[in-house]
DNA sequence: TCCGGTAACTTAACAGTGTTAAGTTATCAC
DNA sequence: GTGATAACTTAACACTGTTAAGTTACCGGA
């Protein structure tokens with residue numbers, strides 16, 4: 001029959017996969033369901049994606065660049081102090097995770113054996129988000145706002161702490177009585193405080 | 001036939017499930033495989049556990065009490081300062097996660113829809129681990145070592161940061177070049193620093 | 001000794017999953 | 001017209017959790 005151009009169908013598969021991911025969640029995303037939705041047999045998808053992992057990789061990359069756009073728009077706000085810009089980045093990261101739980105899940109919470117060997121070029125793009133954090137941290141080091149430390153190490157630590165908050169909220173492991181916004185806000189403040197020079201004295205307390 | 005006493009078989013199921021969980025991981029843990037291993041049909045398991053979720057809940061509870069024993073042994077080390085005891089608790093938590101990745105996964109990383117409504121009594125036991133952290137924090141508040149803050153809030157934040165580190169290591173999201181031990185050590189230090197009073201002055205920088 | 005009940009267990013089935021091998025059809029270049 | 005190729009499908013494999021219905025084996029009471 002051959003009615004669809006190769007790239008057209010590939011895009012339709014991806015669009016449908018994204019829609020189903022967001023509406024039903026990763027656990028219910030199946031090749032057969034995607035196929036049914038676009039009116040093809042399940043095996044057709046395998047003509048455009050090697051397997052389910054590769055399809056999910058494409059969705060992960062979409063999520064990574066969505067997050068990147070949001071972080072970029074926040075980190076470019078000049079005129080703000082370095083500390084505030086780092087705080088904004090952290091806050092934006094958390095908000096992205098809570099706003100896009102399905103994207104967040106496949107990006108950062110899927111078991112590694114579900115996304116076999118994430119390709120190097122995509123991984124490089126994913127790392128740009130971390131580099132955004134690292135560059136702001138480096139600025140802070142230069143301006144004596146943060147302690148001198150390998151910026152990628154510092155960024156990784158800050159990221160992991162934000163990830164802890166987001167993932168525990170998404171996987172519903174926090175006590176229901178806990179004020180999540182409070183946890184988020186305090187987390188961001190405490191993380192940043194942990195990297196500030198020791199001698200800093202604030203007016204309060 | 002009825003050769004096994006009810007409780008004996010229940011224990012055998014659980015033992016086998018635990019063994020398979022640890023050796024093959026949660027993703028490959030199946031009712032049929034457990035059954036095959038103990039020489040019964042798969043449906044026999046349903047005479048002792050309502051469904052797979054409930055079986056996993058039992059394993060989660062095992063993990064929770066294993067972790068509890070380890071945290072207890074660390075928090076009871078009197079003679080140590082409060083700061084060091086909090087650090088030891090954090091360190092013990094991380095080590096537990098890295099040493100027992102399969103337990104850790106079902107305890108804190110499984111998607112909530114996979115463990116439908118974790119029963120309240122088990123949840124209470126799980127919270128005791130957090131309370132261990134909280135009580136050490138409260139001691140620190142009393143001794144002016146940590147800032148005054150709702151101890152359960154502080155404990156939740158500290159926990160979430162440790163969870164971030166553990167889960168990103170287990171799900172292999174950190175850059176391979178990153179020194180994980182460094183990340184762990186710095187994370188613990190920075191987290192604690194974030195809760196220390198502002199005016200503290202150290203000898204180094 | 002026979003009868004009913006029950007506990008322990010099994011088989012068969014449902015509705016799904018990712019994935020591969022083999023088969024079909026339509027179009028296009030020569 | 002012929003052969004190649006792209007696009008697509010059907011059937012199958014080996015799994016999954018779970019339920020309904022069926023089968024034994026034993027045990028207390030008449």
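The values are calculated or read from the model by the stated rules, or taken from the named source; none is laboratory data. As the structure is a computational prediction, the values presented were derived from the model and not from experiment. Note that we place each Cβ from the backbone using ideal geometry, even for glycine, and neighbour counts take in every protein chain shown.
Key figures for this structure:
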{"item": "Enumerated helices (runs of 4 or more DSSP H) restricted to the stretch A:86-173, each holding at least 3 residues that are closer than 30 Å to residue B:25 by Cα and away from every other protein chain (no Cβ under 12 Å)", "result": "A:120-142"}
{"item": "Pairs, first within 14 Å of chain B (Cβ to nearest Cβ) in the stretch A:22-48, second within 12 Å of DNA strand D (Cβ to nearest atom) and not in a helix (DSSP H, G or I), C-beta under 7 Å, six or more apart", "result": "none"}
{"item": "Matching residues in the stretch B:24-42 - criterion: being outside any helix (DSSP H, G or I), surrounded by 15 or more Cβ atoms within 10 Å (Cβ to Cβ) and within 8 Å of DNA strand D (Cβ to nearest atom)", "result": "B:29"}
{"item": "Breaking point among (1) more than 23 Å from residue A:120 (Cβ to Cβ); (2) within 8 Å of DNA strand C (Cβ to nearest atom); (3) crowded, with 16+ Cβ neighbours inside 10 Å, for residue A:21", "result": "(2)"}
{"item": "Among the residues listed as B:79, B:8, the single one being assigned to a loop (DSSP other than H, G, I, E, B) and surrounded by fewer than 17 Cβ atoms within 10 Å (Cβ to Cβ)", "result": "B:79"}
{"item": "One residue from B:74, B:69 being more than 26 Å from residue B:11 (Cβ to Cβ), part of a helix (DSSP H, G or I) and either more than 16 Å from DNA strand C (Cβ to nearest atom) or not assigned by TED's automatic domain parsing to the domain that holds residue B:145 (or both)", "result": "B:74"}
{"item": "Residue match in the stretch B:107-116 (condition: near DNA strand D (Cβ under 10 Å from one of its atoms) and in contact with a helix residue (DSSP H, G or I) (Cβ under 6 Å, 6 or more places away or on another chain))", "result": "yes"}
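Conditions (1) modelled with pLDDT of 95 or more; (2) more than 18 Å from the chain's Cα centre (by Cα); (3) on the phi > 0 side of the Ramachandran plot, marked per residue:
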{"residue": "A:125", "(1), (2), (3)": "no, no, no"}
{"residue": "A:128", "(1), (2), (3)": "yes, no, no"}
{"residue": "A:150", "(1), (2), (3)": "yes, yes, no"}
{"residue": "A:174", "(1), (2), (3)": "yes, yes, no"}
{"residue": "A:192", "(1), (2), (3)": "yes, yes, no"}
{"residue": "A:195", "(1), (2), (3)": "yes, yes, no"}
{"residue": "A:200", "(1), (2), (3)": "no, yes, no"}
